[in-house]
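Colleague: First the structure, then my questions, so here it is.
The values are calculated or read from the model by the stated rules, or taken from the named source; none is laboratory data. This is a predicted model, so every value here is computed, not measured. When we count neighbours, we look across all protein chains shown, and the Cβ atoms used for this are built from the backbone with ideal geometry, even at glycine. Surface areas here come from the heavy atoms of the whole protein model, side chains and all, with no ligands, DNA or RNA. Shrake-Rupley method; radii C 1.70, N 1.55, O 1.52, S 1.80 Å.
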Amino acid sequence: AKEKGKNNYQFYTPDLDKLSMRKMELEKGLRKALAQNEFVLHYQPQVEVETGIIVGIEALIRWEHPKLGMIPPGEFIPLAEETGLIVQMGKWVLRTASEQNKKWQDEGIPPVPVAVNVSVRQIQDDGLIHDVKQILEQTGLEPRYLELEITESIMQNIERSTVILNQLKDLGVLLSLDDFGKGYSSLSYLKHLPIDIIKIDKSFIDDILELYSPGSIAKAIIDMGQNMNFTVIAEGIEKEEQVKFLLENSCKIGQGYYFSKPVPADKISDILQRRFQE
Ligand code: C2E
Ligand code: CA
Ligand code: CA
Ligand code: CA
């Protein structure tokens, strides 16, 4: 900005040079990784708490770097978003998760929806509707077995997001709002968007273990979700006490390490085959 004037040397300090070099390095790595198939999907079950029946799975991307080993998404998704590579990467995730889910169904494994995380950059990209439609057609997966997880960041451009979400809904896929409550956005939009599921952000699930009015926000979200006919999923369930809270407060579905960590495809297909989370 103007007021910083000529004294703003921050872009020329050696530290930032190093940082941007590393980012460029990583970005190059990301492009290569896409071309050379270094990404894999892990899957985490979503469980009906009362029965232990698995009612869905979430696909979570992993980067198996040939030298650095497994790199968690927290380290490369932000960069992929910044560089726009997320659009291509996200398309790969959509296709792979859909193909995989269809294959399991063809093998006679009890069918469940697979949830895929969709970045706001993908919503902004003109190709998304076409891509989802084409992936459903080419894989033969029924749309009700594909769920798209979006976050409240789509509210940055509410007009466009509303149009895109309605088009996605018309394709027949499920839509869920991830990290719900974290984005501090106005609640009024909820009435106007074709959302099926809200996922209570982990921070409010952690809060169930606190001493001071434990779980009060989770409770409010569960009530609101019920009143508005959303399916409510609690994410980040780690402890028995949190499961008890869900049962007592009629939140039917949970996801978290308590039930299972995200696992590779062959492992989740075994779990799905058994239908119950042990
Ligand atoms: P998210 O969508 O909120 O996914 C939940 C994250 O919490 C996952 O981390 C999951 O492994 C982790 N988690 C699940 N249960 C528990 C639990 O009980 N305790 C704790 N501490 N953590 C739990 P992960 O796989 O590292 O992914 C981090 C984030 O990266 C995701 O958060 C999502 O925002 C993003 N991400 C992952 N895969 C994709 C993808 O394919 N596309 C996009 N756009 N983003 C993705
Ligand atoms: Ca998610
Ligand atoms: Ca989440
Ligand atoms: Ca998150």
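Colleague: Are there any pairs, at least 6 apart or on different chains, whose C-beta atoms fall under 6 Å, with the first in the range 73-100 and closer than 18 Å to LYS32 by Cβ and free of Cβ contacts under 8 Å to residues at least 40 places away in the same chain and the second of a type in the set (Gly, Ala, Ser) and assigned to a helix (DSSP H, G or I), and if so, which?
Modeller: Here the result reads ILE86/ALA80, each pair linking the range 73-100 to a residue that is of a type in the set (Gly, Ala, Ser) and assigned to a helix (DSSP H, G or I).
Colleague: Residues of the range 78-109 being within 18 Å of PRO262 (Cα to Cα) and surrounded by fewer than 18 Cβ atoms within 10 Å (Cβ to Cβ), which ones? Reasoning before the result, please.
Modeller: First pass over the range 78-109, keeping only residues within 18 Å of PRO262 (Cα to Cα): 93-94, 96-98, 100-101, 104.
Listed by number, the list is empty, since nothing qualifies.
Colleague: Hey, GLY181 hits all of (1) open to solvent by 40 Å² or more (accessible area, probe 1.4 Å); (2) at pLDDT below 95; (3) within 26 Å of VAL243 (Cβ to Cβ) but one; which does it fall short on?
Modeller: (1)
Colleague: Please pick out the residue among GLU58, GLU27 that is open to solvent by less than 70 Å² (accessible area, probe 1.4 Å) and touching a strand residue (DSSP E or B) at 6+ places or on another chain (Cβ under 7 Å). Working first, answer last.
Modeller: On the way: GLU27 fails: touching a strand residue (DSSP E or B) at 6+ places or on another chain (Cβ under 7 Å).
Answer to the selection: GLU58.
Colleague: List, please: which pairs have Cβ atoms under 7 Å, are six or more places apart or on different chains, and start with a residue in the range 138-159 that is at positive phi and end with one that is open to solvent by 40 Å² or more (accessible area, probe 1.4 Å)?
Modeller: Pairs found: GLY140/LYS102.
Colleague: Give just the number: which of (1) open to solvent by 10 Å² or more (accessible area, probe 1.4 Å); (2) closer than 19 Å to MET228 by Cα; (3) under 16 Å from the mean Cα position of the chain (by Cα) does LYS169 not satisfy?
Modeller: So LYS169 meets the others, but not (3).
Colleague: Can you name the helices (runs of 4 or more DSSP H) wholly within the range 59-156 that have at least 3 residues being at pLDDT 95 or above and away from ligand 1 (no atom under 16 Å from the Cβ)?
Modeller: Numbers: elements: 73-83, 86-106, 120-124, 128-139.
The helices (runs of 4 or more DSSP H) meeting that bar are 86-106, 128-139.
Colleague: Going residue by residue through the range 215-223, is there one that turns out to be within 16 Å of ligand 4 (Cβ to nearest atom), in contact (Cβ under 8 Å) with a residue 40 or more places away in the chain and in a helix (DSSP H, G or I)?
Modeller: yes
Colleague: Search the range 226-278 for residues being on the phi > 0 side of the Ramachandran plot and within 16 Å of ligand 4 (Cβ to nearest atom), and hand back the single one that is surrounded by the fewest Cβ atoms within 10 Å (Cβ to Cβ).
Modeller: Filtering the range 226-278 for residues that are on the phi > 0 side of the Ramachandran plot and within 16 Å of ligand 4 (Cβ to nearest atom), the one surrounded by the fewest Cβ atoms within 10 Å (Cβ to Cβ) comes out as GLY236.
Colleague: When the residues of the range 134-176 are narrowed to those that are among the hydroxyl-bearing types (Ser, Thr, Tyr) and within 19 Å of VAL55 (Cα to Cα), which ends up nearest to ligand 3 (Cβ to nearest atom)? Let's see the steps before the verdict.
Modeller: Step one: list which residues in the range 134-176 are among the hydroxyl-bearing types (Ser, Thr, Tyr), which gives 139, 145, 151, 153, 161-162, 176.
With the extra rule that they be within 19 Å of VAL55 (Cα to Cα), the set shrinks to 145, 176.
Details: TYR145: 20, SER176: 9 Å.
Here the residue is SER176.
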